[in-house]
Amino acid sequence: MGGKRKNTENEGMEGDEDIQNINKKMKKEKREILPSSIKNKEKRSAVHAKLKHQKKLEKRKKLKARDAAAKRAIELGEEPPQKQIPRTIENTREADETVCMPDDEELFAGNDADEFSAILKQDRTPKILITTCRFNSTRGPAFINELLSVIPNAHYFKRGTYDLKKIVEYANNKEFTSIIVVHTNRREPDALLVIGLPYGPTAHFKLSSLVLRKDIKNHGNPTSHEPELVLNNFTTRLGHRVGRLIQSLFPQSPNFRGRRVVTFHNQRDFVFFRHHRYIFETKETKQCESKGKKSKDTKGETISKEKVIARLQECGPRFTLKLVSLQHGTFDTKGGEFEWVHKPEMDTSRRRFFL
Amino acid sequence: MPRTTTVDCTGCPPLRALTFDSLGFIKVIEARGKGGGVPKVVEIWGDPDASKCLVAASLNDRKIDPLLAVARKNGVMEILNPLNGELSFSVSDDSNAGVRPEDNVIVGLHLFGKRRLELTSRSCTLLACTTKGHASIKTVDMVDTKVDSGAPKTWNVCASGNISFSEVDGSESYALFGGKGVEVNMWDLEKCTKIWTAKPPPRNSLGIFTPTWFTSATFLSKDDHRKVVAGSNNHQVRLYDVSAQRRPVISFDFRDTPIKAVAEDTDGHTIYIGNGSGDLASVDIRTGKLLGCFLGKCSGSIRSIARHPELPMIASCGLDSYLRIWDIGTRQLLSSIFLKQHLTKVVFDTNFTDEEVKHDVAAPDAPSIDEVQIADETEKPPTKRKKSSSKENKERIKKKKESREKEGTKKSIQEKKQKSGT
């Protein structure tokens with residue numbers, strides 16, 4: 001009704017061209033009614049389904065057009081049009097000023113002076129003490145056994161009823177370099193406390209998604225060679241510090257012949273732990289006939305190439321960690337001062353990550 | 001659209017602050033431009049060396065000849081010029097040769113403002129206190145090191161336990177000490193006697209006794225040495241009145257981690273407390289009521305809080321390597337700077353003015369900011385390194401004063417010549 005009134009008014013006032021524009025606008029407005037403003041459920045769901053279907057058709061059309069353009073460009077010998085970059089959360093991450101820059105002198109000086117430099121410079125060999133919380137659990141001992149096989153030079157001690165501070169003292173006396181405490185809740189391990197020694201920082205991680213070795217299909221059995229360590233994506237200063245803490249758990253001289261690799265991959269503040277054995281293989285790949293036209297030697301013969309690839313076999317547990325807090329000294333709940341503690345007021349943005 | 005809430009940090013008024021960190025750096029941060037300046041690091045002094053970690057610092061920012069005293073982890077105390085970082089003097093703590101300096105770290109340092117001895121040459125007096133309780137007052141003569149300006153007065157503050165802090169009041173005649181196993185005690189500095197010790201509050205009904213462990217304290221106001229606020233390791237803040245009683249007058253709890261820093265406000269009844277998990281709050285100490293918390297994503301322990309003497313803002317620094325500047329009235333974050341190392345202390349430089357003065361290029365030898373010595377006829381003005389425009393502004397301000405002083409000396413030199421002539 002309102003539309004009609006407006007139409008007649010404008011017809012009187014403006015010229016013909018404007019009428020057409022205004023008509024188009026009216027039609028557009030009619031199309032863009034939000035389904036959420038319709039009160040009738042049946043009608044609303046019908047409109048919504050129609051909108052979705054339209055969007056799907058448009059998307060398919062776009063995809064076909066893109067593929068066709070790419071094919072045409074390849075046939076003509078030109079470069080295909082640029083592929084669009086998908087928008088991901090990592091792409092749109094908030095710019096963080098604490099990201100480590102490669103030319104930062106202070107960073108290197110700080111690294112030299114921090115608690116891990118002695119171990120990382122191979123002055124001390126890492127020696128790990130693994131223990132649990134006071135109550136035992138179903139999956140705890142199995143997880144600890146697997147941890148013992150992953151981390152070289154690790155020793156397990158039963159917890160008993162010792163105070164954690166006493167355990168730290170004992171470990172200092174016996175010259176351990178780190179303590180790992182596996183904390184269980186509801187018969188499942190759910191937190192990992194990594195304490196660097198002698199005065200080192202204490203990292204409290206939340207453990208989740210634990211998959212033991214026996215539950216992995218086609219798993220392999222790890223050997224006792226020293227593993228290579230891969231630390232991915234620890235970009236900020238805090239991440240760098242946590243990365244060095246993890247690095248100090250493993251020996252600094254990996255045995256490449258052992259072909260064993262341990263990966264800590266950080267993505268969106270979750271650290272994924274994986275343990276693989278790898279093997280290099282040469283694979284022969286033949287180039288297809290149809291693509292032979294684009295090859296530089298236009299004879300169209302099949303050329304077999306040799307490509308070296310690495311095949312992975314997963315062994316060992318699989319779990320994810322999330323940093324809850326990083327304490328400055330050894331474990332001390334009452335008197336501790338924190339270098340980083342997660343506070344809910346920090347979570348105001350979905351694009352902000354700290355590690 | 002990504003769901004984000006951003007509160008724009010409003011800029012801060014012109015300020016200059018010095019931060020001290022655990023790698024031995026002293027960083028100078030300045031904010032220029034009225035109404036919305038962004039602070040930036042303008043200078044970094046020092047070498048990266050963890051043994052030279054800065055443990056304590058004290059700034060004597062008077063208009064003429066300001067001095068900055070810092071104490072490092074290896075027992076060395078240095079006196080620097082806060083304008084350009086030049087090392088004027090360095091004292092090493094060789095009083096206890098047997099003990100390693102790392103075990104007996106200096107915990108508190110204070111540079112006295114007024115002259116204690118009648119020395120006209122450049123000298124300064126320092127009060128230093130170590131963890132084992134060895135407090136000493138030393139007077140160092142910076143010009144002539146051979147002149148022994150008296151043996152340092154040393155005394156033991158505590159018999160056992162570790163000292164965590166030491167503070168000197170506004171009139172510079174009383175000092176506070178306290179720490180792990182050491183109750184807060186006040187000493188008279190002239191006579192070196194203990195005039196007051198705190199007593200722990202009576203046991204509560206459950207009979208639980210928490211061992212004393214004070215982590216920080218401050219005098220409540222510059223003029224009154226009788227009221228003292230202390231923060232303890234078990235997250236309690238206590239107000240003591242020296243003239244009334246030995247037990248705390250008011251005592252209240254603040255969250256769960258030790259109170260690492262306490263600072264008083266110039267109005268005499270508000271204090272700012274910072275604890276081990278990064279919570280900063282302001283409290284009215286007359287009633288013990290929490291006025292409000294400063295929310296700003298501070299995730300590391302707050303080591304030091306400094307209140308600007310004139311402008312209504314405070315600076316806090318800590319283990320998360322950020323220096324944050326807050327507005328007192330609205331408790332909003334004005335700005336924050338990432339400084340890459342664990343920060344141990346921050347001080348404000350109050351004589352910073354952001355005047356836009358034309359640069360006088362034809363003045364290569366800027367006159368020194370010495371108090372001019374009359375005895376020396378031939379003055380040797382040490383040249384000040386011109387590093388940034390702020391210093392030139394300072395020179396501008398000081399030049400006016402020095403010109404006046406120089407005129408005075410010229411007159412006196414002329415008088416002397418006349419006297420010697422006649």
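Read-outs: derived from the displayed coordinates by stated rules, not from any lab. Keep in mind the model is a prediction, meaning the values are calculated, not measured. Using ideal geometry, Cβ is built from the backbone for each residue, glycine included, and neighbour counts are taken over all protein chains shown.
Couple of notes before you dig in:
- Nearest-0.05 FRET efficiency for residue A:285 and residue A:199, computed from C-beta distance (R0 56 Å): 0.55
- Evaluated over chain A, the Cα radius of gyration and Dmax, each in Å: 30.2, 97
- Mean separation of Cα contacts under 8 Å (6+ apart) over length of chain A, as relative contact order %: 16 percent
- Model label sites at residue A:267 and residue A:351, defined 7 Å from Cα along the beta-carbon direction, differ in position by 2.0 nm.
- Among the lysines of region A:70-225, pairs at least eight places apart or on separate chains and with Cα atoms under 21 Å apart come to 11.
- Radius 14 Å from Cβ of residue B:233, net charge of other residues (Lys, Arg +1; Asp, Glu -1): 0
- Taken over region B:235-304, the alpha-carbon convex hull comes to 91 cubic angstrom per residue.
- Percentage of interatomic Cα-Cα distances in region B:181-331 larger than 19 Å: 53 percent
- Each peptide in B:16-23, A:95-102, B:324-331, B:204-211 gets a packing score, the mean of other Cβ atoms within 10 Å over its residues, and the list from highest to lowest is B:16-23, B:324-331, A:95-102, B:204-211.
- Restraint check, A:334/B:191; B:52/B:153; B:180/B:289; B:180/B:222, Cα-Cα greater than 28 Å: A:334/B:191
- Average partner coverage of A:341-352, which counts Cβ from other chains inside 10 Å: 4
- Near residue A:160: Cβ cut-off under 15 Å, other residues only, Lys/Arg at +1 and Asp/Glu at -1. The net charge is +3.
- Using alpha-carbon coordinates, inclination of helix A:2-13 to the longest axis of chain A, degrees: 50 degrees
- Charge tally for residue B:317 (other residues, Cβ to Cβ under 14 Å; Lys, Arg +1; Asp, Glu -1): +3.
- Summarising the label geometry, the points placed 7 Å from Cα in the beta-carbon direction at residue A:66 and residue A:94 lie 3.0 nm from one another.
- Backbone amide hydrogens, once placed in the peptide plane, bring residue B:165 within less than 5 Å of B:178, excluding anything fewer than 5 places away on its chain.
- Sorting A:150-157, A:323-330 by average packing, meaning the other beta carbons within 10 Å per residue, from highest down gives A:323-330, A:150-157.
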